[in-house]
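Some notes on the structure that comes next.
Values quoted throughout were computed directly from the atomic coordinates according to the rules given, and no laboratory measurement underlies them. Quantities reported herein were computed from a predicted structural model and do not represent experimental measurements. Every residue, glycine among them, receives a Cβ derived from its backbone with ideal geometry; neighbour counts consider all protein chains shown.
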Amino acid sequence: MFCLTEPAPNPSPSVTLLPGSPFAGKARAIESGEWAGWYQWDGTDPFEETSGPFYFAHDTTGLITGFRPGAKNRNGHGMIHGGALMTFADFSLFMIAATAQGEDVNGVTVTMTSEFLSPAQAGELLICRGERTGGGRSLIIARGVITADDRPVLGFSGVIRQFRKNA
């Protein structure tokens, strides 16, 4: 496990990361490079692995997720493809849910609404912050905003249907 004794260098100088994963479960610490001090989800999701990589961490205000899209994430106009933004939003939705309940969420996205607010460019750091807004035993409702340099790029809300974990 990566242990911080001082704020870790990270992709966003305005974010001071706290040590440790924001939830118990499948979290792999990044120990070097641009994303040192952040985590990656250590489960299996080939689509997210191809689309990302996506990261998560937490600071004094709560969970944050991060993504630095590259050329592979652009659309025909040279901006980041809406599908890439929505994939990052879906990843963030699950990380928000996991942080709210303290462990991984085993489930599927039932519905997700997205509002495209401004274009993002390859190489820009995208940060997402969000919150759980409701739910019950089997449903989790959450929302978030993805920003680039504090400029809102995508707002989203979604519902996750939780499944029981296999014993």
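At-a-glance table
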| read-out | value |
| --- | --- |
| Highest-first arrangement of 82-88, 58-64, where packing means the average Cβ count within 10 Å | 82-88, 58-64 |
| Contact order normalised by residue count of the chain, Cα under 8 Å, 6+ apart, percent | 19 percent |
| Most to least packed among 138-146, 29-37 [average Cβ atoms within 10 Å] | 138-146, 29-37 |
| Stretchable slack from Asp150 to Leu18, in nm (0.36 nm times residue separation minus alpha-carbon distance) | 45.5 nm |
| Fewest-first ranking of Arg151, Arg129, using other Cβ atoms within 10 Å as the exposure measure | Arg151, Arg129 |
| Segment Thr44-His77, length gained on full extension (0.36 nm per residue, minus Cα span) | 8.8 nm |
| Net charge dipole size for segment 27-162 [Lys, Arg +1 and Asp, Glu -1 on Cβ; Debye, nearest 20] | 340 debye |
| Positive-end residue, the chain charge dipole about Cα centroid, Cβ charges, pick of Ala71, Ala97, Leu125 | Ala97 |
| Residue-span extension gain [Glu131 to Val110] - 0.36 nm each, minus C-alpha spacing | 5.8 nm |
| Radius, Kirkwood style, for segment 27-162 when every pair of distinct Cα atoms is counted (Å) | 15.0 Å |
